[in-house]
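The values are calculated or read from the model by the stated rules, or taken from the named source; none is laboratory data. Just so we're clear, the structure is a prediction, and the values are computed from it rather than from any experiment. Here Cβ is always computed from backbone atoms with ideal geometry, including for glycine, and neighbour counts include all displayed protein chains. Ligands, DNA and RNA are stripped out before the accessible areas are found, and what is left, the full protein with its side chains, is counted by its heavy atoms. Shrake-Rupley method; radii C 1.70, N 1.55, O 1.52, S 1.80 Å.
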Amino acid sequence: MTTAEDLVKAALDVAHRAYAPYSKFFVGACIKTTSGQLFIGCNVENASYGATLCAEASAIATMVSHGEQHIAEIAIAGLHCNQTIIPCGICLQRIREFSKPSTTLLHLANPQGKFVTYTLEQLQPYSFGPEFLETAK
Ligand code: THU
């Protein structure tokens, strides 16, 4: 069984492979899907700063490429934080697309691997998601 500690460790490991020459802020993410598969990602910056990919986006893209779309848990870790990382608002929205806000868990870690766990709903109490678009069809 993969524990939250395992996910945090995988997020910290992949953070070391981040490409972050501009911010020097190395981030890693590890998703566990509802089927139990794991997908990692790290931030990939660009000289054209706006083209930067966040760690969460990178992990989500890998998950979707492998045919998985349901996030049960995601661990996120930053290597140079003096506190547990908080995902950016855009990444909360990206996670929202593939989550059930009341049950999807986010494990937010510091560089030492200490983490706090929240549901997506706790971090983003009012959120826009795919179901809003149903009424437009
Ligand atoms: N970053 C992430 O990868 N995820 C977040 O949730 C916050 C920010 C990255 C983007 C950029 O490469 C660096 O951290 C500084 O913003």
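Quick notes
- Among the protein heavy atoms, those of L38 account for about 80 Å² of accessible surface (1.4 Å probe, every chain in place).
- Counting DSSP beta bridges with both ends in the chain, the antiparallel % (nearest 5): 75
- Low-density loop cleavage sites - chymotrypsin sites (Phe, Trp or Tyr not before Pro) in the stretch 60-137, where at most 11 other Cβ are within 10 Å (DSSP): Y126, F128
- Sorted largest first by accessible area at a 1.4 angstrom probe radius, with every protein chain in place, the residues S65, S58 fall in the order S65, S58.
- Most mobile listed residue (G89, G28, G41) in the chain, GNM with C-alpha springs under 10 Å: G89
- Computed [θ] at 222 nm, helices only, for the chain once each DSSP H run of length n ≥ 4 contributes -39500 (n - 2.57): -7500 deg cm²/dmol
- In degrees, nearest ten, helix 4-15 long axis to first principal axis of the chain (Cα): 60
- Degrees, to the nearest 10: 55-65 long Cα axis against longest axis of the chain: 50
- Averaged per residue, the stretch 1-110 has 48 square angstrom of accessible surface, using a 1.4 angstrom probe with ligands and nucleic acids left out.
- H70 contributes about 110 Å² of solvent-accessible surface, heavy atoms of the protein only, 1.4 Å probe.
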